[in-house]
1. Multiply the residue separation of R48 and R32 by 0.36 nm, subtract the distance between their alpha-carbon atoms, and state the gained length in nm to one decimal.
2. Give me the percent of Cα-Cα pairs in the chain that sit more than 24 Å apart, rounded to a whole number.
3. Output the peptides 47-53, 77-83, 67-73 sorted from most to least packed, where packing is the average of other Cβ atoms within 10 Å over each peptide's residues.
Amino acid sequence: MDLHVVPPCGTEIFYGTTMACGGTLDVDDTSRSGPENITWSGTFPSGRYLICPEAFTSAVADATWTLNVVRGGITVHTSTGVRGRTDGHTPCSATFPGVITLDL
């Protein structure tokens, strides 16, 4: 699975753009063992975040994923799901199937 996040600044963070709005993707995991993390080393921007779990290949299209959002050392959101199809690179947006929208 690929982790794609659109923070309030509107620039998508993913394997093609690993840094935006102060957030950084730690690794583009192509081994299918995960995890991928996007972190903010300082203060993260407040506002709406779009989070899209994308199946980059058919090998992970039916994999179960878990998203944990941690803020200040405290888990503020957890989601689990399955992407039933391959996305390739579909931009993360409010209309992405299975998008998670968080106001932080």
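Each value in this text was obtained by applying a stated rule to the coordinates, not by laboratory testing. In this text the structure is predicted, and so the values were computed from the model without any measurement. Every residue, glycine as well, gets a Cβ built from its backbone with ideal geometry; the counts of neighbours run over all protein chains shown.
1. Computed gain between R48 and R32 is 2.9 nm.
2. Percentage above 24 Å: 15.
3. Put in order of decreasing packing, that is 47-53, 77-83, 67-73.
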